[in-house]
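Just below is one structure, and these are the notes that go with it.
The values are calculated or read from the model by the stated rules, or taken from the named source; none is laboratory data. Given the structure is predicted, the values throughout are model-derived calculations rather than measurements. Note that we place each Cβ from the backbone using ideal geometry, even for glycine, and neighbour counts take in every protein chain shown. Protein only, heavy atoms only, side chains kept; ligands, DNA and RNA dropped before computing areas. Shrake-Rupley method; radii C 1.70, N 1.55, O 1.52, S 1.80 Å.
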Amino acid sequence: MDNASSSMERRYISSEVRFYTIEDLTRMLGWSENTVQKMFNDPKFPSTDYGKNKVVEAHALIDYFSRKNCKNRNVYWKKGKANAREK
């Protein structure tokens, strides 16, 4: 078994499925609710709607944060900054 497959197996060995809400991430990360809400609305963020709540699965969240996501390179985040300057 090569390195890539063994690391993939180790990463997803847990059979427990856990979902986090916007409130959970606000508390865990110490970020403002507006920032977390904007992250959940980002098309590249792996969130989904569960009833009236937006949630993200724990493994998808870990995978998202394990990759480098630069706000200044992402068009979604730039759009918000441009709109703020225009007001």
(message) Within segment 54-79, take every residue that is surrounded by fewer than 13 Cβ atoms within 10 Å (Cβ to Cβ) and not hydrophobic (A, V, I, L, M, F, W, C) and give me the one that is modelled with the highest pLDDT.
(response) Ser66
(message) What's the number of the only condition in (1) open to solvent by 100 Å² or more (accessible area, probe 1.4 Å); (2) at pLDDT 95 or above that Asn3 fails to meet?
(response) (2)
(message) Could you tell me how many of the residues in segment 36-53 are open to solvent by 60 Å² or more (accessible area, probe 1.4 Å) and of a type in the set (Phe, Trp, Tyr)?
(response) 1
